[in-house]
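The values are calculated or read from the model by the stated rules, or taken from the named source; none is laboratory data. Quantities reported herein were computed from a predicted structural model and do not represent experimental measurements. Glycine gets a Cβ as well: all are built from the backbone with ideal geometry, and neighbour counts include every protein chain shown.
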Amino acid sequence: MLSVKNIVKQYATHRALDQVSLEVESGKIFGLLGPNGAGKTSLIRIITQITAPDSGEVLFNGERLNSNHISQIGYLPEERGLYKKMEIGEQVLYLSKLKGLSTAEATKRIKFWFEKLEMENWWSKKVEDLSKGMQQKVQFVATVLHQPELIILDEPFSGFDPVNADIIKNEILELNKQGATFIFSTHRMESVEELCDHIALIDRSKKILDGSVDEIKSTYRNNTYWIEYEGDYETANAKEIFNVLQAENIKGKTLLKIQLQEHKTANEVLSALLPYVAIHRLDEVIPTMNDIFIDKVKRQDYE
Amino acid sequence: MNKVLLIIRREYLSRVKKKSFIIMTFLTPLLIAGIYGLIGYFTYKGIKDTHDKIAVVSTNKTLTDKLVTDKNIEYKYVDQALDVMKKSLKKSDYDYVLYLPEFKLEDPKGIELFGEKQAGLSLNGRISRDIEELIRNQKLKESGISQNDLDQLKTSVNIETKKIAAETGKEESSSAGASTIIAFIAGILMFMFIMLYGIQVMRGVIEEKTSRIIEVMISSVKPFQLMMGKIIGIALVGLTQFILWIVLTFTISTIAATVLIDKADVKKITTSAEGNQIAKGTEVVTQTQGPIGDIQKNLAGLDFGKIISVFVFFFLGGYLFYSALYAAIGSAVDSETETQQFMMPVMMPLLLGYALSLSVVTNDPYGNVAFWLSMIPFTSPIAMVVRMPYGVPGWELALSMTILIIGFIGTVWVASRIYRVGILMYGKKTTFKEMFKWFTYKN
């Protein structure tokens, strides 16, 4: 539903985005990853039409991005804020009217959301009387209230306590089920693995990785396993099957991190070991997004 | 457009509903009326209460008449030596001792006034005038004019300044005094309004920036819409306040005037003030011929409808002109403390316009300086309203208005280009160079 094509954005001496292209599919949760200052926010500001690219274009449902799309997009910026002296209800009403909702419709929806997130009696409170986490909830409501097709969340979980983060996560999943597309921008990888279908990694204004989470993970697994057993085994005997990367002995148990030789399988490892030792566990080491992220960014540093 | 209206509505309502706005709006006219009331009351009381008893020690044989006692000053000729009087002054109930030695009429020397306290300027002037009067009468008598003729000589002259309107040829009464008062009030009000509301715009922009709501806002509206909505919304707040002030001040002062001061007192003040000048007041002084009545009459001669509508126009124009600049400043900084370096260049022309308008322009409302000050959009809002009460030719007014409109379109354009970049810049110290760079950014 959203195609970003060869975007370039130059600030005076600093190139924020360099030929970045992305494809966000409808109904998916898309993770936009990258270290601080990589250009994530610049890209989001272009998608939300806060700034315009120097070259390249953004298509929204096949149409070149224009001001009619503003009401189709909900944006929760990383730098969050509300008018301090304004009442919560008034404020959300104002923001959603700016997105084109009528007063009646907006009021109805605000009531619905406030009830859902247990904030019914917040209507006439002022922002300055709310805690940070409470303010975030208000902003989340303001972001999704106009039922946008595309919801962009910049570091959505920063500032939430675990309970509220969970509530918000569930709301995101529910909205996604109803058909909303999400773009998640974050440098915290844990949240990505659970939620995202697809990710793109941006580092130093360039896109360096793009693909579905499963795909990326499988490319990055490298036949590494944890194996734990009781008994004695001379690992040198199995050299053709695996290499030992790391070995530990704890109270008579042995814990090994091994890497299979090419074309070997975990079954072969087991059959080699079974006659001699009692196997307690065998796990494949799947790289976390965090590992991949760090690995990718570091590798960039070398080049 | 609809979005701009929403923004205007919010900016307007959020300010008008504030307690401080309501208090300011209702308290200021009360304060102004109160201050003027107090000034009036004390002036009146001062005139009524001044009563000095003066012992006159005269060794003068030339003057045949004596100093005349009236309500505020009592001259008592005493038959004692000066030294004795001076010594006993403390115990006696006289306030001062006036010594009139023998002197030639052409060269009156050696007149002295002794007192426990230093005699004030007005008392001093009053006594000198009385003595001068006495000497003049003496001289006139010596040249053979009878007392009767002398009394007939006294006339009170009051020039009624009338201005002939160029277009209609109609005579309008005008008064330098009344015009100057109105000009001062208008100039000060204009300066205050532009400053106060311009700074409100700046504060509003800074608030949006520091509270970080700006990013949410400009993902829904264009920066230009947000800026204009804010500027117009605050302009309406200013207008509301101005109209309320006028209505309230008018109501309060009318009520105060009718309730507190009864007519007879006003008459007494004017006649006694007049009477002082004429010494032996043989003329019946009517109320309207006193200085206060004069101003009252000429105030009525001024076209308030026109002055107020011109004021409103120049307030809006001048405010738009400056508030756009203030918005640009607000967008470039992170907090109010950082605004100083940018405030100076914006404040300077306004201050200069204010200072020059209240000095040069009120002295010579038709001169070259006045003309140019009322044309340059940086100073014209103040200069023009200061000139208005004196009367300004229609074409000058039209030209000045046109220039101001062009001027504010210009500043709004410049400011909006700086604003759209500035509002997204956090945590950086901005310089003028950088602001210029922002101005040239494409988008």
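The single condition among (1) more than 19 Å from A:LYS99 (Cβ to Cβ); (2) surrounded by fewer than 18 Cβ atoms within 10 Å (Cβ to Cβ); (3) within 14 Å of another protein chain (Cβ to nearest Cβ) that B:THR254 does not satisfy is (3). Look at (1) part of a loop (DSSP other than H, G, I, E, B); (2) within 14 Å of chain B (Cβ to nearest Cβ) and you find that A:GLN147 fails only one, number (2).
What are the pairs, 6+ residues apart or on separate chains, where a residue within segment A:103-120 that is touching a residue at least 12 places away in the same chain (Cβ under 8 Å) has its Cβ under 8 Å from a residue that is exposed (fewer than 14 other Cβ atoms within 10 Å of the Cβ)? Short answer, once both residue conditions are applied: A:PHE114/A:GLU120.
Applying the selection to segment A:1-25, what residues are more than 27 Å from A:ALA180 (Cα to Cα) and of a type in the set (Val, Ile, Thr)? If the condition is that a residue be more than 27 Å from A:ALA180 (Cα to Cα) and of a type in the set (Val, Ile, Thr), then A:VAL8, A:THR13 are the ones that fit.
A quick yes/no check of all residues on (1) modelled with pLDDT of 85 or more; (2) part of a helix (DSSP H, G or I); (3) among the β-branched types (Val, Ile, Thr); (4) under 25 Å from B:LEU351 (Cα atoms):
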| site | (1), (2), (3), (4) |
| --- | --- |
| B:MET190 | yes, yes, no, yes |
| B:MET195 | yes, yes, no, yes |
| B:LYS209 | yes, yes, no, no |
| B:GLY229 | yes, yes, no, no |
| B:THR240 | yes, yes, yes, yes |
| B:LEU244 | yes, yes, no, no |
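Residue count for segment A:103-130, restricted to those that are modelled with pLDDT of 90 or more and away from chain B (no Cβ under 11 Å): 12.
Could you tell me whether segment A:197-204 includes any residue that is part of a loop (DSSP other than H, G, I, E, B) and surrounded by 17 or more Cβ atoms within 10 Å (Cβ to Cβ)? No, that holds for no residue. For first residues located in segment B:84-104 and surrounded by fewer than 14 Cβ atoms within 10 Å (Cβ to Cβ), partners that are of a type in the set (Lys, Arg) and part of a strand (DSSP E or B) and lie 6+ apart or on another chain with Cβ distances below 6 Å do not occur.
Does segment A:62-84 contain at least one residue that is free of Cβ contacts under 8 Å to residues at least 12 places away in the same chain, crowded, with 16+ Cβ neighbours inside 10 Å, small (Gly, Ala, Ser) and within 12 Å of chain B (Cβ to nearest Cβ)? Looking for residues that are free of Cβ contacts under 8 Å to residues at least 12 places away in the same chain, crowded, with 16+ Cβ neighbours inside 10 Å, small (Gly, Ala, Ser) and within 12 Å of chain B (Cβ to nearest Cβ), one finds at least one in segment A:62-84, hence yes. Here the condition is being of a type in the set (A, V, I, L, M) and farther than 18 Å from B:SER179 by Cα; of B:MET384, B:MET343, it holds for B:MET343 alone. If you check B:TYR441 against the conditions, is it more than 13 Å from B:PHE321 (Cβ to Cβ), in contact (Cβ under 8 Å) with a residue 24 or more places away in the chain and away from every other protein chain (no Cβ under 14 Å)? The answer is no for B:TYR441. In summary, helices (runs of 4 or more DSSP H) completely within segment B:335-429 and bearing 3 or more residues that are aliphatic (A, V, I, L, M), away from chain A (no Cβ under 14 Å) and over 15 Å from B:PHE191 (Cα atoms) occur at B:394-422. In a strand (DSSP E or B) and either touching a residue at least 40 places away in the same chain (Cβ under 8 Å) or surrounded by fewer than 16 Cβ atoms within 10 Å (Cβ to Cβ) (or both): is that true of A:VAL20 in this structure? So A:VAL20 fits the description; yes.
The residue list A:LEU153, A:LEU93 contains one member that is closer than 18 Å to B:ILE213 by Cα, under 17 Å from the mean Cα position of the chain (by Cα) and at pLDDT 85 or above, which is A:LEU153.
Working only within segment A:188-212, note down all residues that are out of contact with any strand residue (DSSP E or B) (no Cβ under 6 Å at 6 or more places or on another chain) and touching a residue at least 24 places away in the same chain (Cβ under 8 Å). A:ARG188, A:MET189, A:GLU190, A:SER191, A:GLU193, A:GLU194, A:ILE202, A:ASP203, A:ARG204, listed by residue number.
Restricting the first member to segment B:1-29 and to residues that are closer than 29 Å to B:VAL221 by Cα and more than 10 Å from chain A (Cβ to nearest Cβ), and the second to residues that are part of a helix (DSSP H, G or I) and of a type in the set (Ser, Thr, Tyr), the beta-carbon pairs closer than 7 Å and six or more apart or on different chains are B:VAL16/B:THR240. Only residues that are surrounded by 12 or more Cβ atoms within 10 Å (Cβ to Cβ), farther than 25 Å from A:GLU23 by Cβ and within 34 Å of the chain's Cα centre (by Cα) were counted in segment A:212-243, giving 6. Restricting attention to segment B:176-216 and to residues that are within 14 Å of another protein chain (Cβ to nearest Cβ) and farther than 17 Å from B:TYR426 by Cβ, the residue that is surrounded by the fewest Cβ atoms within 10 Å (Cβ to Cβ) turns out to be B:ARG203. The strands (runs of 3 or more DSSP E) found entirely in segment B:1-103 that carry 2 or more residues being among the charged types (D, E, K, R) and on the phi < 0 side of the Ramachandran plot are B:52-58, B:73-77.
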